[in-house]
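Here's the structure, in structure tokens; my notes come after.
The values are calculated or read from the model by the stated rules, or taken from the named source; none is laboratory data. Bear in mind the structure is a predicted one, so any value in this text is a computation, not a measurement. Here the Cβ positions follow ideal geometry from the backbone for every residue, glycine too, while neighbour counts run over all protein chains shown. Surface accessibility is based on the protein's heavy atoms, side chains included, excluding ligands, DNA and RNA. Shrake-Rupley method; radii C 1.70, N 1.55, O 1.52, S 1.80 Å.
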Amino acid sequence: MPVVDVDPDELRELTGHEKTDEEFIDDLFALGLEFEGETEEGELQLEFAPDRLDRLSVEGIARSLRYHYGDARGVHVPDTNDADWTIEVADSVPDERPYVTGAIVRGVDLDDDALDSLIQLQEKLHATMGRKRAKGAIGIHDLAMIKGSAGTDGEANTVTYRGVAPDGDTFVPLDSDAEMSPADVLADHDTGRTYADLVAEYDRYPAIYDDLGLFSFPPVINGRRTEVTAGSRELLVEMTGTDQWTIDRMLAIVCYALSARGATIEDVEVAYPDAAGATSASPDAGADDPDADTPHPSAGRTLVRPDLEVTEKSVSHERIESTIGVAFDPDEVVDLFERSGLDATYTLGEEVVYDVEIPPYRVDVLHPYDLVDDVGRAYGFNDLEPRYPDVGTVGGRHDRSRLEDAARASLVGLGFEDLLNFHMISGPENYDRLRVDPGTEVLGGGDPVTITEPYSEDYTQLRTWALPSLLMVLERNTHRAYPQDLAEIGLAAERDDAENTRVAERRTVAAVLARTDASYEDAKARLQAVCRDFDVDLATPPTDHPTFIDGRTAAVEIDGERVGVIGEVHPAVLVEHDLELPVAAFEFRLDALE
Amino acid sequence: MRLTEAQLAVLEAASATDDRPIDDLAAEIDEKPETVTRAAFQLEDEGLLAVSETDRVSVRITDEGHEYVETDLPEIRLYRAALDAGAADAPRSMGEVIGRADLEGPAVDIALSNYARKGYGTIESGEITADPDMDPAEDPESLALEAIVSAAADREGADGTPADRQTTVQPPESVDADVLESLERRGLVERSESTVRSVALSEDGVTALMEGIETAETVDRLTPELLTSGEWRDVEFAEYNVEADAETAAGGRKHILRQTADRVKDVLVGMGFREMEGPHADAEFWINDCLFMPQDHPARTHWDQFALDLPPMEEIPPGLLDRVERAHREGWGEDGDGYHSPWTEDVARAIDLRGHTTSLSMRHLSGFALGDLEPPQRFFSVEKVYRNDTLDPTHLLEFFQIEGWVMAEDLSVRDLMGTFEEFYRQFGITDVQFKPHYNPYTEPSFELFGRHPETGELIEIGNSGMFREEVLGPLGVECDVMAWGLALERLLMLMYGFDDIRDVHGTLCDLELLRETEVVR
């Protein structure tokens, strides 16, 4: 979950409330922001679920508090001035990252705190909605350092989003002094290396140009020329990505934050290529255009951005009451909506339905039901009186888990210590150390279900049987008192493409007797006792199994079906597990006891 | 040091400086001599006493002897009669003297045979003479008898019981051995020899007394022989030190986490929940897509879940697949919005280890597991889930998730709160707080917090909510469903304060910890 560092002084300033840190912490908990601790600079570290991404900055949190305190009501949308700048999208823009959006922000007065907050907002949005910049990446530039060019339509003040060959034009990236091509950045620049994977498969890299040339290489790094400082007064905010809606919402959140700092938002025109696909801002980029046939998905569209349009959803009064479990007066509901930063109107009739207006920074409202949650939060969920639902149902255990319990009780009664081991294991532990080969007919020899990208070499597959786990426990506990009679009933699984899940899962019953005089007979005596408990017929015809000593190994046949193996564990296996005393063991399918 | 009561009494009565006969001790401590003897030997085995043995002669005057004590010995009566008859001066007829002495029967022979032997006079040819220098009052045999009688009387007096003729005594020192032998030969005294045991405290005994001694009983174990012979009626059972530690018995026991799971299952079954069952390896469709988790959600990368090297799942109900895809792309219902995220069937069909058991809830709610369900329903599972996390003291790659849901018409947030308050109350957590939260699959959603029963710390104890329309709609569920989840290990750690979950769960476990951990009640 995201964590945002918030300066409590900034909160006091932006909310206008002289509250103590502790009071803020309590109020924020009520909003769902959990206090995790303080930074070295005394900032509050607040953690929250990734729905209200508009709270990824101190400005957004202060806005939520102002609604919470009743200082603000209803929907507020910042005014925007008409567009003066255009972002033109060239056909050469990489197909993988076709979308762009942007805004001009004027009258910015960024002190160090505000600049920090803006940078943090940018990072947190990258981490969440931006999916680590893959889905959306933000570039913020000092507009004063950008020289607009004349666009294809003759408009002044145009910048161009286009593709660039990896070793094409060069620029000086942030945190560097050297002119670098995009390929150089990916190879030699720290940030470039971090994000190189994002564009690894691209033929052309995304780039933004002004009249002076390349100044940004999204989603990797901006150019140093347009770097924002505390002295910057006018900004170009651009965002590129794989989904227009996502970057437009990210832009709305940034614009609201800057507006809260007193800045003025100015529209930008985003001009996608003509449907004909004829435009090419720069001849060199399109020189070997391999995708000339593929029109841009937004070809022919011109957008005015930022998109701060208010959306509307309808929710019924009945739905609100039944979900929260409280009877409301419609006006009270409207009041709760307004305290949530929403606007609502209703018409009295047979059924009261609210038309609710939702501001553009609310990326979490996917369904009218989400609005009910807002009413509940504004009302205060913790003020609700819990009630036990008047719903009668009959409880019960699953047959499989009852059988498992009964078998476990039987084993425990015979003196076995019940164990609980991981279902994941490594190949060597599962096969090699027990002298079993994968893909063989013996118990444990089934094909492995392997993990695609194992995190640890100790856990690379599901265990095909449980005996390896028990031997690992014996191995780890040679310093503990003997006898060690251990048993486990748990999952074992092997590859089986005939199954819908491609995995044959079964519950297996495994037991070991580790004691100075452990013998086949000891194991057999206990296996017989278990079978007697379940009134099943046991036979143990001789068999071979590489884990056990020849001549002291038998198949476990229950009611005529071969379901497992029993025997004295082979000395080579014991020595492999650093055991200095004999071990007798058995393992069989649990469902044989049904 | 533990001794029987008798042993202790003997030890206390014994002296370190003098050997004391067992009879004396028995008299002193009011125990039977046999009891004291047995105790003495047991104490000797313990090294606390030294037992010494001496042979002792005892004598008892026979009935005949007693008679002579009263009437004088026959030879003395004969001597007195002889003197009276003037036999000191001249021999007298034996018949006359015997008549004068009033002797009859065997006493005559006795008198005659001892008269000459003792030198009271001569008996020759039917005539008897008397030595006038003899003094019957000085007769050694007579004196010896009187001395023995007197000793017996003394002895009995000391005991406080009346003297009787059976009393045996040690021969008084005044009695000459020859005389005694003569009396015995005459059948006036019976002599018996016995072994007398005496005891004296050893150094260890002195030390033990000074250190203090507890008493114990006599019979150690009740044996089959004692029972069948009936001897158990006559024995006292040795007292054990019942406070002493015995060697702890090592038995089988259910794993502590299984016990915890059982406890949870008991509570849930009691609250009307039925148990769910389903595959550990499952299609992402059931694990994530049904849950309205966008396919580009951070939790769906391999960093958080375990993808398996398997071909895709083939059988997914086609209508359900279409509806789920539609919910993701377009949203559900008139005013619904979908995700602005890519969605492909390839991702949905890929098989993973389940990251939560909500996949089971989806299989059940869709009707795929048990057929269509009519409200009301309650279901639960306590089963393993798999997360690609760092293995550390509080995180495992696989752990148990408690999953539960209630399906009914018109459920409200208050019903959700009431249900979970009841559940946690069963585990001693009484002040559940509901923090509004966000999950992609529930709305409203709540993180559940409770105070640690021991530390009072506010901790997260679960995640809950009402399933979204985008989840229920495609599944074909037309009423409300509220659900919650919680890691079983978290509940265990709360209940037991374990520091490191790896000691308990998995092959790194410590058998001793498992053996020693308190059981779940």
*May I ask what percent, to the nearest 5, of DSSP beta bridges between residues of the protein assembly as shown are antiparallel?*
90
_Over 62 Å apart: what share of the alpha carbon pairs of the protein assembly as shown falls there, rounded to a whole percent?_
39
_Explain nothing, just the number: dipole magnitude of the stretch A:80-305 about its Cα centre with +1 on each Lys and Arg Cβ and -1 on each Asp and Glu Cβ, in debye rounded to the nearest 20._
740
*Let me know the longest stretch in chain B that avoids all chymotrypsin sites (Phe, Trp or Tyr not before Pro) found in a DSSP loop with at most 15 other C-beta atoms within 10 Å.*
B:1-239
*Give the total of Lys-Lys pairs in the protein assembly as shown with Cα-Cα distances below 18 Å; include a pair only if its members are 8 or more places apart or on different chains.*
5
*Expressed as a whole percentage, what fraction of the accessible surface of the protein assembly as shown belongs to carbon and sulfur atoms when a 1.4 Å probe is rolled over the protein heavy atoms?*
44
*Three principal axis extents, largest first, for the C-alpha atoms of the stretch A:3-69, in Å?*
29, 28, 18
*How many Å³ per residue does the convex hull of the Cα positions in chain B occupy?*
265
*Could you pull out every residue, at least 5 positions away or on a different chain, whose amide H is within less than 5 Å of the one on A:Ile138? Hs are placed 1.01 Å off N in the peptide plane, and Pro or chain starts have none.*
none
*Got a sec? Which residues of the stretch A:327-373 lose 30 Å² or more of accessible surface with every protein chain in place, vs. that chain alone, 1.4 Å probe?*
A:Leu366, A:His367, A:Tyr369, A:Asp370, A:Asp373
*Mind checking how much accessible area B and A bury in total, 1.4 Å probe, in Å² rounded to 100?*
8800
_Normalised by the empirical 2.2 N^0.38 Å for globular proteins, what value does the Cα Rg of chain A take?_
1.34
*Å² of accessible area per residue within the protein assembly as shown, as computed with a 1.4 Å probe and no ligands counted*: 43
*Go through A:Ile324, A:Tyr256, B:Ala408 and say which Cα lies farthest out towards the positive end of the charge dipole of the protein assembly as shown; charges sit on Cβ, +1 for Lys and Arg, -1 for Asp and Glu.*
B:Ala408
*asked:* Whole-Hz ³J(HN,Hα) for each residue in the stretch A:186-193, computed from phi via Karplus 6.51 cos²θ - 1.76 cosθ + 1.60 with θ = phi - 60°, x for glycine and proline: what do you get?
replied: 5, 8, 10, 9, 3, 4, x, 5
*What is the helix-to-structure angle for A:21-31, meaning the angle in degrees between its Cα long axis and the longest Cα principal axis of chain A, kept from 0 to 90 and rounded to the nearest 10?*
80
_With +1 assigned to the C-beta of every Lys and Arg and -1 to the C-beta of every Asp and Glu, and no other charges, what is the dipole magnitude of the protein assembly as shown about the Cα centre in debye, to the nearest 20?_
2440
_For the stretch A:87-94, 3J(HN,Hα) per residue [Karplus equation, 6.51 cos²θ - 1.76 cosθ + 1.60, θ = phi - 60°, Hz, x = Gly/Pro]_ = 9, 9, 9, 8, 4, 6, 4, x
*State, to one decimal in nm, how far the label point of A:Arg12 lies from the label point of A:Ala529, with both points 7 Å from Cα in the Cβ direction.*
7.2
*With axes computed from alpha carbons, what is the tilt in degrees of helix A:244-260 against the longest principal axis of chain A, rounded to the nearest 10 within 0 to 90?*
60
*Exercise: per-residue mean of other protein chain Cβ atoms within 10 Å, A:453-463*: 4
*For the stretch B:310-352: Kirkwood Rh in Å [reciprocal of mean 1/r, alpha carbons]*: 11.3
*Based on DSSP H runs of at least 4 residues, each adding -39500 (n - 2.57), what is the mean residue ellipticity at 222 nm of chain A after dividing by all its residues, to the nearest 500 deg cm²/dmol?*
-8000 deg cm²/dmol
*Consider all pairwise Cα distances in the stretch A:399-593 and report the whole-number % of them above 22 Å.*
43
*Solution diffusion estimate, µm²/s, Stokes-Einstein, the stretch A:294-415, Kirkwood Rh from C-alpha pairs, 10 °C, viscosity 1.306 mPa s*: 84
*Of all DSSP beta bridges located in chain A, what percent are antiparallel, nearest 5?*
90
*asked:* How would the stretch A:311-382 be classified by its alpha-carbon gyration tensor: rounded, prolate or oblate, with rounded meaning a/c under 1.5 and the a/b versus b/c comparison settling the rest?
replied: oblate
_0 to 90° range, to nearest 10: angle between helix A:330-339 axis and chain A longest Cα axis_ = 80
